[in-house]
Amino acid sequence: MPDARVIGTVEEIRNWSRVHRRAGRRVALVPTMGYLHQGHLSLVELAREQADVVAMSIFVNPLQFGPGEDFDSYPRDLDRDAQLASDAGVDIIFHPGREEMYPDGEPWVFVSADQGTDALCGRFRLGHFRGVLTVVAKLFGAVEPDVAVFGRKDYQQLVLIERMVRDLNMGIEIIGAPLVREEDGLAMSSRNKYLSPEARRSALALSTALRTCQRMWQMGQRDADLFRAALAEIDSPEVRVQYAEVVDPVTLASVSEADQGTICAIAAHVDGTRLIDNVALGSADLA
Ligand code: AMP
């Protein structure tokens, strides 16, 4: 597989995309912050099924990190990413610098959601989704893709992006990709790199608790508070639970009764690293 070209300007990626679209080819975009793992590469695989050419963006977006979060230490390795992406069939990598994306520093115009941000991560990462929606809108404006693929690992992000596209008539098809896990159940994440072997073992508590929820569902349990309690139970000095929620998959509102597809979601700090995970009840994940 020839190496994917790495380009850094909006003009270049837009020209690339327009050439393909004019030739009648469907263009897919896979937005990432890099430090690629199998979860990212599964999005590329889906993108390849959905489109003729695939662009991946790699950009650690300062706008979505809060003060005290890990923007500076976020893992970065462009050479390794370029190789992995090429091998997975990415045709071009859009890797803009901060100045290219935010030439005026702080933009005047942002995209933010009035609903869907007071639950889950939105409650604890103020401004995070405004940063995410703004950068994704910018990437959509630069790449002009027909279709874009996002992982269900970041479930709230996926829902908000679907809403943005609908509410702003962006005309881009959004595909939600299944959550990819390590063999023992840990949700794959670039941030897993931060975990010491001991913390890595503690981190398993998240997926284990979600598996318990999946079992409870299979055994006929429907009381959402009991699912919440099963998730919250993993709270310990090693695994500090930030939220343990059971929400509607479309509105993200808390539910009192679990249904097929209801989302059980958890966030916790493990040895200083913030991890998130979720499962859709009744799905094949963790079943
Ligand atoms: P990130 O680089 O963490 O911003 O993630 C880029 C994209 O990959 C997002 O759409 C994520 O939801 C998706 N992603 C990250 N980890 C996983 C995973 N374990 N399984 C599926 N998708 C993932």
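Among residues that are assigned to a helix (DSSP H, G or I) and farther than 25 Å from Thr251 by Cβ, Gly141 is included.
Do you know which residues across segment 169-186 are in a loop (DSSP other than H, G, I, E, B) and either near the ligand (Cβ under 10 Å from one of its atoms) or under 14 Å from His37 (Cα atoms) (or both)?
Pro178, Leu179, Val180, Glu182, Glu183, Leu186
Restricting attention to segment 224-252, the residues that are out of contact with any strand residue (DSSP E or B) (no Cβ under 6 Å at 6 or more places or on another chain), in a loop (DSSP other than H, G, I, E, B) and over 25 Å from Ser202 (Cβ atoms) add up to 4. Selection of segment 22-36 for residues being away from the ligand (no atom under 16 Å from the Cβ) and of a type outside the set (A, V, I, L, M) yields Arg22, Gly24, Arg25, Arg26. Could you check, for segment 84-104, whether at least one of its residues is surrounded by 16 or more Cβ atoms within 10 Å (Cβ to Cβ), small (Gly, Ala, Ser), assigned to a helix (DSSP H, G or I) and within 16 Å of the ligand (Cβ to nearest atom)? Yes, there is a match, as at least one residue in segment 84-104 is surrounded by 16 or more Cβ atoms within 10 Å (Cβ to Cβ), small (Gly, Ala, Ser), assigned to a helix (DSSP H, G or I) and within 16 Å of the ligand (Cβ to nearest atom). Any residue at all in segment 139-150 that's within 13 Å of the ligand (Cβ to nearest atom) and over 25 Å from Ser283 (Cβ atoms)? So far as segment 139-150 goes, yes, one or more of its residues are within 13 Å of the ligand (Cβ to nearest atom) and over 25 Å from Ser283 (Cβ atoms). When Val250, Val159 are screened for being of a type in the set (A, V, I, L, M, F, W, C), within 16 Å of the ligand (Cβ to nearest atom) and over 22 Å from Gly272 (Cβ atoms), only Val159 passes. Taking the numbered list (1) assigned to a loop (DSSP other than H, G, I, E, B); (2) crowded, with 18+ Cβ neighbours inside 10 Å in turn, Leu43 passes all entries but (1).
For segment 159-173, residues that are within 13 Å of the chain's Cα centre (by Cα) and crowded, with 19+ Cβ neighbours inside 10 Å total 3.
Looking at segment 187-199, which of the residues that are in a helix (DSSP H, G or I) and more than 15 Å from the ligand (Cβ to nearest atom) is nearest to the chain's Cα centre (by Cα)? Break it down stepwise before answering.
Filtering segment 187-199 for residues in a helix (DSSP H, G or I) gives 190-194, 197-199.
When the remaining residues are screened for being more than 15 Å from the ligand (Cβ to nearest atom), the result is 197-199.
On the way: Pro197: 24, Glu198: 25, Ala199: 22 Å.
Result: Ala199.
The C-beta contact set for segment 233-259 (first residue more than 19 Å from Ala199 (Cβ to Cβ), second residue among the polar types (S, T, N, Q) and crowded, with 17+ Cβ neighbours inside 10 Å, distance under 8 angstrom, 6+ apart or interchain) comprises Val246/Thr262; Val247/Thr262; Asp248/Thr262; Pro249/Thr262; Leu252/Gln156; Val255/Thr262. Pull up segment 37-56, narrow it to residues that are in contact (Cβ under 8 Å) with a residue 24 or more places away in the chain and charged (D, E, K, R), then point me to the one that is farthest from the ligand (Cβ to nearest atom). Per the stated criteria, the residue is Asp52. Every condition in (1) in a helix (DSSP H, G or I); (2) within 16 Å of the ligand (Cβ to nearest atom) is met by Arg166 except one, and the failing one is (2). Scanning segment 105-135 for residues that are of a type in the set (D, E, K, R) and outside any loop (DSSP other than H, G, I, E, B) yields Arg123, Arg130. Scanning segment 60-74 for residues that are of a type in the set (A, V, I, L, M, F, W, C) and either near the ligand (Cβ under 9 Å from one of its atoms) or outside any loop (DSSP other than H, G, I, E, B) (or both) returns Val60, Leu63.
Readers should treat all values here as calculations from the given coordinates under stated rules, not as data from a laboratory. These figures come from a predicted structure and were not determined experimentally. A quick note on method: Cβ atoms are made from the backbone with ideal geometry, for glycine too, and the neighbour counts reach across all protein chains shown.
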